[in-house]
Structures are given as C-alpha cells and as structure tokens.
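The values are calculated or read from the model by the stated rules, or taken from the named source; none is laboratory data. In this text the structure is predicted, and so the values were computed from the model without any measurement. Positions of Cβ are backbone-derived with ideal geometry, glycine not excepted, and every protein chain shown enters the neighbour counts.
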Amino acid sequence: MKKFISTTLVFAMFTTMAFCQTERRDSTFRRHTLGTSLFLLGNIGDSVSFFQLNYGYRLSQKDNLIVEAITWTYYEPLGTFGSSEEFFPGKVRAYGIGLGYQRFLWKNLFTTVEPTFFIQQFYDNNDTKNPERISIVSQFILGYRIELFKKRMFVEPAYALKYWPVTTNVPSSFAEIENGIQKYKFEPSLNFGFRF
C-alpha cells in the first residue's frame, strides 16, 4: 500500500512539473473564490450533517491557495464509507480545517494537494461523549474547472485519493470496528463556487 501511495504522489508531482506553463493574465482575472460542495444536497433526508466552505486565493493564473472548513457526522469507518458491513456503536462528529495548494496544469485541468486537520468527537449510542481524537486527512485531487457566466462561477468535477495516516484516542469500541479496514479511499468530488 505504501508503494502505491508513493507512486501516486511521485506521478502527481511529475505531472504537475511537466505541464507547468506561464500564461499572461487576462482582463477577466478574479483573484478570490468562495465555494462549497454540491454534495451538500446529501443532507436532504440524511443524518450526515455535512457542511463545507472553501476560500481560494489565486497567486497567479496557474497557482491557487485554498482554505477549507468542513464538518460532518458519520456512523461507519471512512475506509468503507457507504458500503460498510458493520457500523460504529454510535457516531463521530468531525470538525476540520484544511490548507491546500491547487495547480492548473493545462487549460482548466488541475491537481490539488490538501491536508485537513480534524478534531473528532465520539458519541456512543446513548449520546455520551467520549474523548476527542485528532486526525489528519490528506487529499490528492485531479479535476477540471468548468467556468460559467464570464468566469464568475465555476464547477469542478474531480476525483480524489483521501488518506488518513494519523489518528489518536480512538475509543476501543470504535477501534474494534475500524481494525483491519483500509485508511484510504478514492472518491469523486463536485465543488462549485464564485470568483470575485
């Protein structure tokens, strides 16, 4: 598994360097972005309580810094999220802040690297709060930005490798369920936002 992740990281790095180009600034350039995920619609009729807000700052036409605030509730291990055979004896509420770097490679094709630092609160079936844990989730994203309305709005379909190598203070009842489950997941993402 470590070899696979290392290979993916090296590939992403060399791909980014291979497509690096300079591009002159156009008259419609807007430095700031504010966005979120279209997966917020999953909150309808579900109990995940997922919320995400992204702020981006364009350093140049090719380089973008991103700050992300995210929170959600989940009831199963992240490595098998959506297809778990066994659920937690309660729930986990996660609050995170991420800091990312986005590089546009060719036209609107981009890669993003973003570590997100989480504080996770564990609740058993009686809603009793257990000790908090710290977790780091690293995201490696490949996507394409579709710009609309004179580049004022955008939609970013993408695919991400999410990997969480660091976790602390997991209650034993939750750790038993997570034992042996992968600590990575490939998943699609669909963000949208506004440039200003």
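Worth pointing out:
- Checking S49, S83, S27 one by one, the residue that is of a type in the set (S, T, N, Q), farther than 30 Å from F149 by Cβ and modelled with pLDDT under 75 is S83 and no other.
- Single match in F118, F122 (criterion: at pLDDT below 90 and buried (at least 19 other Cβ atoms within 10 Å of the Cβ)): F122
- Every residue from region 152-168 that is at pLDDT below 90 and either surrounded by 14 or more Cβ atoms within 10 Å (Cβ to Cβ) or out of contact with any strand residue (DSSP E or B) (no Cβ under 8 Å at 6 or more places or on another chain) (or both): W164, V166, T167
- Residue in region 154-163 that is more than 16 Å from S37 (Cα to Cα) and more than 16 Å from the chain's Cα centre (by Cα) present: no
- A single entry from I70, I119 fulfils the requirement of being part of a strand (DSSP E or B) and either of a type in the set (S, T, Y) or closer than 21 Å to R195 by Cα (or both): I70.
- Only one of N169, N191, N125, N179 that is free of Cβ contacts under 8 Å to residues at least 12 places away in the same chain and not small (G, A, S): N179
- Pick from region 75-107, criterion of a type in the set (A, V, I, L, M) and without any contact (Cβ under 8 Å) to a residue 60 or more places away in the chain, ranking: surrounded by the most Cβ atoms within 10 Å (Cβ to Cβ): A94
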